[in-house]
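So the structure is just underneath, and the comments pick up after that.
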Amino acid sequence: MMKWNILFLLLPICAHAQFEKIKSIEVKNNIVSAFVDRPGDLYVILESKTIEKYSVDGAWIASLTNSDLPTIFDPRDGARLFTYRKTSQSFQFLNPLLEEVSSTKINQAFAIAPCLACTFGDQGLAILDSADWSIKRVNLRTSVVTMEASIQPLISAKTNITFIREYQNFIFLLDRDKGILVLNSMGKLIKTIEAKGLNYFNFIGEELYYLQDGQLKFIDLFTAETRSLALPELCEIALLTDERLYLIKQNQVNVFGVKH
């Protein structure tokens, strides 16, 4: 269980990883967001509304162009990729070549105004409904709402929630004006990670990490200890795996090998 009752300290623990540049990738348009799957492959979403996939060695694998940018994209384990589109209030699953396998519109019986959605486990969907500011979990196999919880007390007039993600059976919401809201599986707030102005966050092992002040900052989900990692160059997006560090700025991706 995640122990957020432990005193949350900013400990000056620094990683001592070494990085060796492997390759630079230049894409046709600026990159607006990027993601990695569990095996370490990279996905970049371009201003041109195209998703491109690259291997851990920086080789192009596949691309997909849509009429709009996905509101939520999560490559998960690389075998069954998830996207949610607020414009159509629908979610899609893609195969490893970015081909659409299925597309499902969210039933209004589940959520009236679904602004964000993500997978929850293998057969679940977590939905943020802006009609009443509630979190709902739906079993996709049985089409039953298994949990509903109001987050209205957490919402203010300046609320700017832009991202949702499930990890380790917890729900994480990115509020750009507050930071990262951590909810348990029943939708109860456990912790707010105060880091304003973030565009994204990600996970590696038992840690959540985000880019701030030119460093990657990590928070252990079980001990609440933190550490920071200096990066070899300035970037707008940084993604880390056990073997790779991807640093992204405008339309360029620099791929680094990681030596521990």
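Read-outs: derived from the displayed coordinates by stated rules, not from any lab. Source: prediction; values computed, not measured. Note: ideal-geometry Cβ built from the backbone for every residue, glycine included; neighbour counts use all protein chains shown.
Take E233, E52 and order them by how many other Cβ atoms sit within 10 Å, fewest up front.
Result, fewest neighbours first: E233, E52.
Please report the relative contact order for segment 128-260, taking Cα pairs under 8 Å with a sequence separation of at least 6, and give it as a percent rounded to a whole number.
10 percent
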State the volume of the convex hull built on the alpha-carbon positions of segment 31-205, expressed per residue in Å³ and rounded to an integer. 119 Å³
Sorted by mean Cβ packing within 10 Å, highest first, what order do the peptides 188-197, 240-249 take? 240-249, 188-197
Work through the residues other than V253 whose Cβ is under 14 Å from its Cβ and net out their charges, Lys, Arg +1 and Asp, Glu -1. 0
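Could you please rank R141, R80, placing first whichever residue has the fewest other Cβ atoms within 10 Å of its Cβ?
R141, R80
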